[in-house]
Amino acid sequence: MGKKNTNIELLKRGQRVAITATVAILLLAVAKFIIGYLFDSRILIADAFHSGVDVLAIFASWFGLWLASRKESARFPYGLYKAETFVTLVIGALITWAGIENLIEGYSKFFVLAPDRAFPVLPVLVSGVSVFVSYFVAKMERKTGAIINSGALQANASEAFLDIGTSLVVLAGILLAHAKIPYVEGSIVISIALLIIRLGIKNIWTSILILMDANLDPKLQSEILKKISFVDGVKEVRNVKIRQSGPFKMVECDITTAPSVSVYRAHEVTDRIENLIARDHSQIESVFVHVKPARHGTIFAIIPVRDINGLDSKVHGHFGRAPYFIILRLDNEGGTEIEDFYYNAFLGDKDSIHVGVKVIKTVIRHNLDLVFTAKIGEISFYMLKDNFIDIYKVEAGETVHDVIDRYHKGEIEPIILPHPAEESEIGRKKTDSL
């Protein structure tokens with residue numbers, strides 16, 4: 001709820017900037033038109049028309065941000081964020097139109113010389129003021145657009161920065177026309193017009209991609225996938241999707257976790273993922289995590305054993321007190337492959353405690369899925385469970401081959417509770433001899 005309120009405040013901030021820019025550019029457009037008309041400056045009148053198109057574009061962005069800040073309703077359960085993207089599409093069309101108009105105006109001025117007149121003081125002055133107004137409007141729109149990730153405001157900012165160049169061209173054109181220098185005015189206006197057209201087409205294309213839910217940020221997608229992969233409980237990240245909705249992003253991801261994980265624990269994993277992503281990326285408005293039980297073609301299992309004798313190694317009576325551990329790679333077809341043997345170096349001190357915990361910390365890097373053991377202490381048990389590793393009950397003395405065979409037949413029951421700590425200490429010497 002807090003995230004949603006923050007987003008609404010950001011949208012309202014964008015609205016304030018858009019309406020301020022609208023008023024400023026509108027006053028400037030009116031001044032250009034009046035002075036251009038009084039001094040018969042066709043290029044200033046054309047620039048006034050261009051500024052009028054900017055007013056429509058900026059007002060459209062305000063309207064889009066206003067729609068996007070509306071609350072969800074039964075008809076629009078996902079909100080109206082995409083209204084801002086649609087308005088950006090309209091802005092792109094208006095910018096393209098303005099570019100074409102400038103292109104035509106530049107061509108019409110290419111071979112024309114202005115008649116003799118007095119020095120155009122007011123047209124020069126209003127063109128100079130236009131440069132400064134365009135600069136401050138552009139800075140304001142770009143800063144706010146970047147903060148709230150508004151495509152419409154950033155599009156307007158880019159156009160406003162081009163308006164600085166256009167205003168300089170207009171200023172130069174007025175002076176060059178007064179000096180009767182041919183070609184220069186038309187050439188520069190045509191160049192600026194082509195840049196404006198390019199910007200408009202770019203905004204149109206980007207808006208279309210967003211409305212079609214294209215992935216526009218593969219770098220962010222890769223970054224999120226990597227972060228999720230390191231979250232405890234996630235066995236595999238199947239997919240990460242990012243869709244743009246106005247100024248915000250929506251993330252969907254599919255993960256797998258251990259089949260035995262309860263709904264409560266699975267919910268903990270999804271909460272952890274959602275908080276991790278939302279914390280590091282303010283532009284992400286929502287995260288949806290779909291959890292599925294893992295159905296790996298390959299799983300990894302560990303078994304405490306007395307000796308090193310391949311699959312004929314015999315199970316030790318206690319997890320932490322075993323002299324060796326065998327790590328196996330199992331597949332769904334019944335295949336078994338020995339991945340590694342691990343020597344329990346923590347048995348050197350017979351009075352040491354929590355040996356199982358030390359072993360788990362060492363072997364957990366193997367991305368284990370299963371543990372087969374006759375007995376396991378409380379701390380080791382809960383540590384494995386916290387790492388979403390399933391624990392199965394086997395008999396001391398049976399071979400690893402028999403254990404795996406019974407597992408594939410579904411004859412081994414999971415351990416749901418550890419044996420008491422005091423029993424572990426009393427029977428420690430007995431299990432050491434098994």
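Net charge near Ala31: determine it from the other residues with C-beta under 15 Å of the C-beta of Ala31, scoring Lys and Arg +1 and Asp and Glu -1.
-2
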Checklist entry - Of Glu333, Glu398, Glu236, which has the largest mean-square fluctuation in a 10 Å C-alpha GNM of the chain? => result Glu333
Checklist entry - Where the centroid of each part is defined by its Cα atoms, how far is segment 43-59 from segment 261-333 in Å? => result 62
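State to the nearest 20 debye the size of the charge dipole of the chain about its Cα centre, where the only charges are +1 on K and R beta carbons and -1 on D and E beta carbons. Walk me through the intermediate numbers first.
Working: 48 positive and 48 negative charges, 274 e Å.
The calculated dipole for the chain is roughly 1320 debye.
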Checklist entry - Residue farthest toward the positive end of the dipole of the chain, with Cβ of Lys/Arg at +1 and Asp/Glu at -1: which of His267, Leu195, Ile360? => result Leu195
Checklist entry - What's the center-to-center distance, using Cα atoms, between segment 396-412 and segment 206-259 in Å? => result 40
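Between Arg243 and Ile308, take the C-beta separation as r, use R0 = 56 Å, and let me know the FRET efficiency to the nearest 0.05.
On the way: r = 53 Å, r/R0 = 0.95.
Once rounded, the FRET efficiency stands at 0.60.
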Item to check | Most mobile of Val363, Val133, Val17 in a GNM of the chain (Cα contacts under 10 Å) | outcome: Val363
Checklist outcome for this item: Counting only DSSP beta bridges fully inside segment 218-293, the antiparallel percentage to nearest 5 is 50
Checklist entry - Residue farthest toward the positive end of the dipole of the chain, with Cβ of Lys/Arg at +1 and Asp/Glu at -1: which of Pro323, Tyr107, Ile8? => result Tyr107
Item to check | Cβ charges +1 (Lys, Arg) and -1 (Asp, Glu), total dipole of segment 218-293, debye | outcome: 200
Checklist entry - Which net charge results for the neighbourhood of Arg406, defined as the other residues with beta-carbon distances under 14 angstrom from its beta-carbon, given Lys and Arg at +1 and Asp and Glu at -1? => result -4
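Run lengths n ≥ 4 of DSSP H only: what is the helix-derived mean residue ellipticity at 222 nm for the chain, with -39500 (n - 2.57) per run over all residues, to the nearest 500?
So the calculated ellipticity at 222 nm is -19000 deg cm²/dmol.
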Checklist outcome for this item: Given Cβ charges of +1 for Lys and Arg and -1 for Asp and Glu, the option among Thr256, Asn309, Ile91 whose Cα lies farthest towards the positive end of the dipole of the chain is Ile91
Item to check | Max mean-square fluctuation residue, GNM over the chain, Cα-Cα springs under 10 Å, options Val121, Val240, Val371 | outcome: Val121
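Scanning the chain for helices, which whole DSSP H stretches are 27 Å or more long along the axis (Cα) and average 1.6 or more by Kyte-Doolittle?
Numbers: long enough: 2-38 (55 Å, 0.72); 42-68 (39 Å, 1.32); 82-109 (40 Å, 0.64); 121-148 (41 Å, 1.23); 151-178 (40 Å, 1.18); 184-211 (41 Å, 1.77).
What comes out of the filter, once short or polar helices are dropped, is 184-211.
Kindly flag which residue pairs out of Lys249/Lys361; Lys143/Lys226; Lys82/Lys219; Lys241/Lys361 have an alpha-carbon separation exceeding 28 Å in this structure.
Details: Lys249/Lys361 38 Å; Lys143/Lys226 30 Å; Lys82/Lys219 22 Å; Lys241/Lys361 33 Å.
Those over the limit are Lys249/Lys361; Lys143/Lys226; Lys241/Lys361.
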Checklist entry - Using unit Cβ charges (K, R positive; D, E negative) and no other charged atoms, how large, in debye to the nearest 20, is the dipole of segment 2-211 about its Cα centre? => result 840
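Bear in mind these aren't lab numbers, they're just calculated from the coordinates by the rules spelled out. Computed from a predicted model, the values in this text were never measured in an experiment. Heads up, the Cβs are rebuilt from the backbone with ideal geometry, glycines too, and the neighbour counts pull from every protein chain shown.
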